[in-house]
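Visitor: Here's a structure for you.
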Amino acid sequence: MNNLSLDEAIQRLPLNTLARRLGIGGEIPDRDGKTVSCWFPENHPNGDRNPSFNLHSGLTRFKCFSCGIEGRGPDLIAHALHLPQHEAVNRFLVMAGGVSPDAVASRPKEVKHKPLALPADCHKGTEAEIEALAALRGFSPHAVALAQGMGVLGFGTVHGFPCWIVSDTSRKNAEARRMDGHLFPPIGDLKGRKVHTIKGSSKAWPVGIQPVHSTERFTKIVLVEGSADFIAAIHFLIDHEIWDALPVAMLGSKCRIDPDAVKLFRGRAVKIIAHDDEAGRGAVSGWNSQIAEAGAERVTAFNLAGLLMKDGSPVKDLNDCVHLRAEDQSELEGLFS
Ligand SMILES: [Zn+2]
C-alpha cells in the first residue's frame, strides 16, 4: 500500500504544483521568496497593491505579509476549496499520491482470529493414549499416530477431563472430545455436549487444510464433517492406501468455509462426505458450490445413506463406517477411489 505520511506528502507535492492543480487564479511563483499578488484576493478588499505573498521553505509553505494568511499544502486546499481541515488533509494526501486515512479506515477490516485457548497441557499422545483413542472410536492405531504426525491431533485436559483435540497448524479452530467417550457436563450457558469447541475457534476454518507437512503433492481433498469423521477419513485413506488425498474437516455443518481457506481447494479434486442427516445434506450443497466457485478441479459428494453396520443399524457418519457390515465394504472402495 502506498500510504504517505503528511510530511512525505508535503515534500512530494510542492505548493506551485498544487496551486496549478487547484486552479489558483493568480501568478504562481516557481521559487521561494518571489513575491506575487495574494492568492486570496477576497482577503484584500482594496486589492493587494503591494504584492506580499510568497512561497518559502522549499515551496512547502505560503505566507501573505499583508493579510497574514499562511500555511502548508493542506491549508491551501482548505482555503481554496473551503474544506474543513481534516478533509483538506485527506485530499492533500490523495493528491500527493498517497491513500487518505479515511479510505484506510473504511476498508473492510481483516477478521482477526482470537488466540486459540488450547489447554496448557496439550501434548503428543503417549502410546497408551493413541491405543485408547483407537479403541474408543474403532480407528487403527496407525491412523491415530499419523493424525498426530500430521499435526492435527493432540491430547490434553479440557474442563478437567482428559481429551483428544483436533486442530491444525493455523491454530484457528479446534475441538475436544473426552477420552472416556462421555458428554461434557453443562457449564454456564453451555449444555451437556459430546464435543467442546475450544475458545477462540473460528468454525469456518477447515481443520487439516494446514498440516505440518507441505500439501503440494495432494491432488485430492476429502472433506468431512467433525473431528471423529476427520480421524476416520485418515483411517480409511491409510486402509485403502491412498496417499494423494488430503483429509480436511469442517467442525460443524452450519458454517461457510473461510474465504482464505477455500482458495486452498483450487485445482484439486474434492470429495465431500457429510453426515447423513438434514444438516449434513445442507452443508454438502453449500460447500459444494463454494468449493466449485473457488476453482476446484471437480467436486463430488458421497452419501452414506443405506449403508449398514455389523449390528444392522444404519451408518450415520464416516466414523460409523469402521463398523460397516461385510456386504457394504465394496461401497467404501468407491468412496475412496
Ligand atoms: Zn493576502
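The values are calculated or read from the model by the stated rules, or taken from the named source; none is laboratory data. For clarity, every value in this text was computed on a predicted model and none was experimentally measured. Methodologically, a virtual Cβ is constructed for each residue, glycine included, from the backbone with ideal geometry; neighbour enumeration extends over all protein chains shown. Only protein heavy atoms, including side chains, enter the accessible area calculation; ligands, DNA and RNA are left aside. Shrake-Rupley method; radii C 1.70, N 1.55, O 1.52, S 1.80 Å.
Visitor: Only one of (1) surrounded by fewer than 19 Cβ atoms within 10 Å (Cβ to Cβ); (2) in contact with a Leu (Cβ under 9 Å, 6 or more places away or on another chain); (3) in a helix (DSSP H, G or I) is not met by Trp243, so which one is it?
Guide: Among (1) surrounded by fewer than 19 Cβ atoms within 10 Å (Cβ to Cβ); (2) in contact with a Leu (Cβ under 9 Å, 6 or more places away or on another chain); (3) in a helix (DSSP H, G or I), the lone unmet condition for Trp243 is (3).
Visitor: Then there's this: With in contact with a helix residue (DSSP H, G or I) (Cβ under 7 Å, 6 or more places away or on another chain) and at pLDDT 95 or above as the only criterion, which of Ile242, Ile238, Ile234 stands out?
Guide: Ile234
Visitor: Within the group Ala292, Ala283, Ala279, which residue is open to solvent by less than 20 Å² (accessible area, probe 1.4 Å) and in a helix (DSSP H, G or I)?
Guide: Just a single option satisfies the conditions, and that option is Ala283.
Visitor: Do we have Asp260 as assigned to a helix (DSSP H, G or I), touching an Asp or Glu at 6+ places or on another chain (Cβ under 6 Å) and either touching a residue at least 24 places away in the same chain (Cβ under 8 Å) or not aliphatic (A, V, I, L, M) (or both) here?
Guide: no
Visitor: Would you point out the residue of the stretch 305-337, among those that are out of contact with any helix residue (DSSP H, G or I) (no Cβ under 7 Å at 6 or more places or on another chain) and among the polar types (S, T, N, Q), that is least open to solvent (accessible area, probe 1.4 Å)?
Guide: The extreme case among them is Ser313.
Visitor: Quick check on Ile221: is it outside any helix (DSSP H, G or I) and surrounded by 13 or more Cβ atoms within 10 Å (Cβ to Cβ)?
Guide: Spelling it out, Ile221 is indeed outside any helix (DSSP H, G or I) and surrounded by 13 or more Cβ atoms within 10 Å (Cβ to Cβ).
Visitor: Provide a single number: the residues in the stretch 34-57 that are more than 12 Å from the ligand (Cβ to nearest atom), open to solvent by 50 Å² or more (accessible area, probe 1.4 Å) and not polar (S, T, N, Q).
Guide: 2
Visitor: Here are some conditions: (1) open to solvent by less than 60 Å² (accessible area, probe 1.4 Å); (2) within 54 Å of the chain's Cα centre (by Cα); (3) modelled with pLDDT under 90. Ile77 meets all but one. Which one does it not meet?
Guide: The number of the failed condition is (3).
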